[in-house]
Amino acid sequence: QVQLVESGGGLVQPGESLRLSCAAFGFIFSSYAVSWYRQAPGKERELVATIFNTGGSIYYIDAVKGRFTISRDNAKNTVYLQMNSLKPEDTAVYLCYARVVRDHWGQGTQVTVSS
């Protein structure tokens, strides 16, 4: 069955970096786009970035452009989100998403940016 497993979250200070990983199982990973979403307390879930199956097309929300980089390694069935220059407003649970016949979500990984 389709499974998405995130890792790499943690507590960092403003200006620091984190790299999130999303390991995928149970489907032909290289054929599907994968996205990172985030959900902060009391706020709606929002799309952060999407990378398409070949990695050639990438989308970012304006709030993270220039700071976050999404990438994928199809040989490892893994998508990454490199987050630099983190801000307190980046604090959220970050979730991996793929639509394989239907919507699939990971369990999420907490990112907290605080001094």
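The values are calculated or read from the model by the stated rules, or taken from the named source; none is laboratory data. Just so you know, these numbers come straight off a predicted model, no measurement behind them. Every residue, glycine among them, receives a Cβ derived from its backbone with ideal geometry; neighbour counts consider all protein chains shown. The protein model used for the area step is the full one, side chains on, heavy atoms only, and it has no ligands, DNA or RNA in it. Shrake-Rupley method; radii C 1.70, N 1.55, O 1.52, S 1.80 Å.
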Computed label-point distance, nm, for sites Asp103 and Arg67 using a 7 Å Cα→Cβ extension: 2.6
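Just to be sure I understand: of the beta bridges DSSP finds with both ends in the chain, what percent are antiparallel, rounded to 5?
Here the antiparallel bridges make up roughly 90 percent for the chain.
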Area accessible to solvent at Lys76, 1.4 Å probe radius, in Å²: 130
Accessible surface ranking that places the most exposed of Asp62, Asp73, Asp90 first, with a 1.4 angstrom probe: Asp62, Asp73, Asp90
Relative contact order (%) - criterion: Cα under 8 Å, at least six apart; region: the chain: 37
Residue of Glu16, Glu44, Glu89 that the Gaussian network model of the chain assigns the largest fluctuation, springs spanning Cα pairs under 10 Å: Glu44
Protein accessible area in the chain, 1.4 Å probe - carbon and sulfur %: 47
Amide H contacts of Phe68 (H built 1.01 Å from N, under 5 Å, at least 5 apart or other chain): Asn84
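At 1.4 Å probe size, put Thr50, Thr112 in order of accessible surface, largest to smallest.
Numbers: Thr50 15, Thr112 45 Å².
Output order, biggest surface exposure first: Thr112, Thr50.
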Contour excess over end-to-end distance, with Cα ends at Ile58 and Lys87 and 0.36 nm allotted per residue: 8.2 nm
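Just add up the charged neighbours of Gly10: K/R +1, D/E -1, any other residue whose Cβ is under 15 Å from the Cβ of Gly10. List each step's numbers first, then the result.
Working: positive: Arg19, Arg38; negative: Glu6, Glu16, Asp90.
Neighbourhood net charge equals -1.
Taking only protein heavy atoms and a 1.4 Å probe, what accessible area per residue, in Å², does the chain have with all protein chains in place? Could you put the intermediate results ahead of the total?
Details: 6070 Å² over 115 residues.
Computed with neighbouring chains in place, this is 53 Å² per residue.
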